[in-house]
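This report concerns only the one structure given below.
The values are calculated or read from the model by the stated rules, or taken from the named source; none is laboratory data. Here the structure is a predicted model, which is why all the values come from computation and not from measurement. When we count neighbours, we look across all protein chains shown, and the Cβ atoms used for this are built from the backbone with ideal geometry, even at glycine. When the accessible area is computed, the model is the full protein with side chains, heavy atoms only, and any ligands, DNA or RNA have been set aside. Shrake-Rupley method; radii C 1.70, N 1.55, O 1.52, S 1.80 Å.
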Amino acid sequence: MKQHKRKLGLVTLAVIALLAVGIVVYSGLQSKLAKAEFPDFDQVSVQWNPEGFNELEQPYIGNKDAPITIVEFSDYKCPACKRWNEEVLPELKQEYLDTGKAVLYYVDYPFLAPDSNLAALAGETLYQQNQEYFWVYHHKMSELQGKKDDTWATKSFILDLVRTHIPEADIKKFEKDLDSQTYSANVKKDLMIVERYQVRGTPTVFVNGKEVEDASFAGIQAAIENP
């Protein structure tokens, strides 16, 4: 009886050990898969000194010659950014951007998860094809945003979004550039701007080079009207 219990105990220990090894191996495979699908901008080297917000290379809305410059730092997986896009941006667009009073530049700050990086790179890649494509992508990514803790901004999700909502885009070129991370340096530059301006989260908004503590429409309007 004792010998049987001893054998049972050894078998149990062996099973636990195998499970532990399996978990480690599975975690390693998952990590490798994540690295394969999602870009790591820490590995991207760019010899460049940030000058302002690098406006010449950023997507924008409005009049580039306007006296008022608004800059938004955003992460596609950020729920607060989704609310900002739906509640604040339309008012800014109506009051300042469409009237030629201001220009808004978009700067990537992917930091919430590995798929934030892919979402940012995809936006940059579409922008290189056509700025109109970028803004459709920006709008749909916000509208279709998944849960923050879920890995939803995958390559398949993004390709489906582009095929469905931007059918005029060159999807083959887009996928090729996305896979080769052709424009990773552009996102890296945005992250260097983030570091220079010590941006702490998203959405973060600057008006004429000064950070606005209250990124609501009222807060931004106050910063514009009372600089």
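Give the long-range amide H neighbours of I68: residues separated by 5 or more places, or on another chain, with amide H under 5 Å away, using H modelled in the peptide plane at 1.01 Å from N.
Amide H neighbours of I68: V103.
What percentage of all Cα-Cα pairs in the stretch 95-166 are separated by more than 18 Å?
Details: 1036 of 2556 pairs.
For the stretch 95-166, the fraction of Cα-Cα distances above 18 Å is 41 percent.
Which of H138, Y96, L118 sits farthest toward the positive end of the charge dipole of the stretch 79-173, with +1 on the Cβ of Lys and Arg and -1 on the Cβ of Asp and Glu?
Checking the options against the dipole of the stretch 79-173, the answer is L118.
So what are the ³J(HN,Hα) numbers for the stretch 47-55, from phi and the Karplus equation (6.51, -1.76, 1.60; θ = phi - 60°), rounded to whole Hz, Gly and Pro as x?
Result, ordered by residue: 8, 6, 9, x, 10, x, 9, 6, 4 Hz.
Which shape class applies to the stretch 29-118: rounded if a/c is under 1.5, otherwise prolate when a/b exceeds b/c and oblate if not, where a ≥ b ≥ c are the square roots of the Cα gyration tensor eigenvalues? If you can, show how the numbers build up before the last one.
Numbers: a/c = 3.97, a/b = 1.69, b/c = 2.34.
In terms of gyration-tensor shape, oblate.
Once you treat every alpha carbon in the stretch 63-210 as an equal point and sum by Debye, what is log10 I(q)/I(0) at q = 0.10, 0.18, 0.20, 0.21 Å⁻¹?
-0.33, -1.12, -1.36, -1.46
Of K82/K148; K82/K188; K82/K147, which ones are farther than 18 Å apart at the Cα?
Numbers: K82/K148 11 Å; K82/K188 23 Å; K82/K147 11 Å.
Too far apart for the 18 Å limit: K82/K188.
Probe radius 1.4 Å, ligands and nucleic acids ignored: give me the carbon and sulfur share of the accessible area of the stretch 65-146 as a rounded percent.
Working: 1390 of 2930 Å².
Heavy-atom surface of the stretch 65-146 belonging to carbon and sulfur, 1.4 Å probe: 47 percent.
What percent does the relative contact order of the stretch 50-137 come to when contacts are Cα pairs within less than 8 Å and at least six residues apart? The partial results should precede the final answer.
Details: 106 pairs, mean separation 33.0, N = 88.
Contact order relative to length: 37 percent.
Quick one: 3J(HN,Hα) in Hz for the stretch 173-180, Karplus 6.51/-1.76/1.60 with θ = phi - 60°, rounded, Gly and Pro as x.
Rounded to whole hertz, the list is 5, 4, 5, 4, 5, 5, 5, 8.
To the nearest 10 square angstrom, how much accessible area does R196 have with a 1.4 angstrom probe?
120 Å²
How many Å² of accessible area per residue for the stretch 126-227, probe 1.4 Å? Walk me through the numbers on the way to the answer.
Values: 5580 Å² over 102 residues.
Accessible surface, normalised per residue, equals 55 Å².
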